[in-house]
Structures are given as C-alpha cells and as structure tokens.
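Contents: one structure, followed by commentary.
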Amino acid sequence: MQTVAIASRKGGVGKTTTTEVLGVELARRGNRVMLIDTDPQGSLTEWWQEREIEEPQMSNVPYESLGAAISVLEGEGYDYVLIDTPPESNDVITATVKFADLVIIPVKAGPHDLRAVRQTLTLVKDENKPFVFLLNEVTLNTNITKDVMVALSQHGKLCPPMPRRTIMVEAGIDGRVPQELRPSCSASRDIRKLCDYILEELGSQQARA
C-alpha cells in the first residue's frame, strides 16, 4: 500500500479537488483506494457524500490517529491512501507527511502562492519525504505561469500542470469528476496525465526503498 499526502499551508490551491480526481482515477484503474479527510471543514467528505458510486472509499480520521488508521487499511488490502489536509496547520501537515510515501504540494501561479510554498516545503523537508509540485488552475503559456514553473523547478519536480477548466467545477456539484462526466474532454486527459506521473513517482520511490 502506498500513501499520498496532498498538502499546502495555503488555502484555495486545489488540495481537495486534487484528492478527488486522483482518487477516482486510481479507482477507475482497478485499484482499491481510500480517501482520508483530515480537514475540519470537511469539503472532501461533503463531495463524497454526493457521489452515487462508492469507489473510492472515504474515511474521516483525526490526524492524531493516522498511524493506526493506515496500519488497518494496509491490513485490509488497500492499494492507495490519499490524504487531504487543511491549510494553516503545521501539526496536521507534519503528522500527515510523516506517513506519506509521496507529498503533492499544489500551487497556483501567483506571487502569494509562491511565497507560501516555502512554509510547506520546510515541513516536508523536515520529515525527509519525497515531494512534487502541482501547478493548479493555471493559464498555460502566460509569463506568470512560466515564471512560477521556473522558480519551483529550482526546488523540486513538477507534475504535469492542471490548466483552469470549467468542467472541474461543474462535475463536482454532484460528486463526480471530469473523467466520469466527460471521459474524453481536456480535463480528463489532464487528470490521466497527472495520475500517470504520480504512479511513476511512486514506483521510483518504491524501487529506491
């Protein structure tokens, strides 16, 4: 079983949406997936409750109980655990990162977002965990996007970016994701590329272990 934490000290960067689309994509590929919501706001939980499909599975776990919960899930045969985290909480992020095989750090293309990354990066590096940056809701080929990509690349690897797509919001209204609403649309292709990249990174980390 492999565990992925989606973490950032900044709110509004797409942590929950990333957890949703990746979780569904992994489940659609035949994996047994558990999503864990550690955010008291409960956005991931609310999204899952709207779904008519029970895969991926969903659990609310206090961050203090993550270790025990992950041990149970491994014994139950899950392939992947994806953990959504709240912003502005060093304790939760640190506790979550501790159990992660890979940390995804979502970032938007803006100066405030770039400055906030430093705080998250410090927490992840303190735990000596592998990480990747994910540029979320960006407009490709703009100067600010290019500048942020260059800046981030000096500190770590970048996932394939997730451009701003209206369907990402439309699909989430009833607990679905773009792959379920329009499998052949651009957003669905973006998500599949992201999932491919994350699986490759997880495979690389596993090979090094």
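The values are calculated or read from the model by the stated rules, or taken from the named source; none is laboratory data. Since the structure is predicted, the reported quantities are computational estimates derived from the model, not experimental observations. For neighbour counting, all protein chains shown are included, and Cβ atoms are generated from backbone atoms with ideal geometry for every residue, glycine included.
Laid out as a table, the results:
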read-out: Answer residue from the stretch 6-28, given it is among the hydrophobic types (A, V, I, L, M, F, W, C) and touching a Ser or Thr at 6+ places or on another chain (Cβ under 7 Å) and is modelled with the highest pLDDT among those; value: Ile6
read-out: Matching residues, the stretch 27-54, being under 20 Å from Glu170 (Cα atoms), assigned to a loop (DSSP other than H, G, I, E, B) and acidic (Asp, Glu); value: Glu52, Glu54
read-out: Tally, over the stretch 150-209, of residues that are hydroxyl-bearing (Ser, Thr, Tyr), at pLDDT 90 or above, loosely packed, with under 14 Cβ neighbours inside 10 Å and in a helix (DSSP H, G or I); value: 1
read-out: Spans of helices (runs of 4 or more DSSP H) in the stretch 61-149 with at least 1 residues at pLDDT below 85 and over 19 Å from the mean Cα position of the chain (by Cα); value: 111-126
read-out: Qualifying positions in the stretch 26-73 - touching a residue at least 60 places away in the same chain (Cβ under 8 Å) and either among the basic types (Lys, Arg) or crowded, with 19+ Cβ neighbours inside 10 Å (or both); value: Leu26, Arg28, Arg29, Trp47, Trp48, Arg51, Ile70, Leu73
read-out: Hits in the stretch 177-203 (condition: under 16 Å from the mean Cα position of the chain (by Cα) and among the basic types (Lys, Arg)); value: Arg192, Lys193
read-out: Residue pairs meeting the criteria (Cβ under 9 Å; at least 6 apart or on separate chains; first among the aromatic types (Phe, Trp, Tyr), in the stretch 75-99; second part of a loop (DSSP other than H, G, I, E, B)); value: Tyr78/Met1; Tyr78/Asn31; Tyr78/Arg32; Tyr80/Met1; Tyr80/Asn31; Tyr80/Arg32; Tyr80/Pro56
read-out: Within the stretch 13-56, considering residues that are within 13 Å of the chain's Cα centre (by Cα) and among the small types (Gly, Ala, Ser), the one farthest from His112 (Cα to Cα); value: Gly23
read-out: Filter pass, Thr96 being among the polar types (S, T, N, Q), in contact with a strand residue (DSSP E or B) (Cβ under 8 Å, 6 or more places away or on another chain) and farther than 24 Å from Gln179 by Cβ; value: yes
read-out: Test: residue in the stretch 9-25 that is surrounded by fewer than 17 Cβ atoms within 10 Å (Cβ to Cβ) and among the aliphatic types (A, V, I, L, M); value: no
read-out: Single match in Thr3, Thr38 (criterion: of a type in the set (S, T, N, Q) and at pLDDT 95 or above); value: Thr3
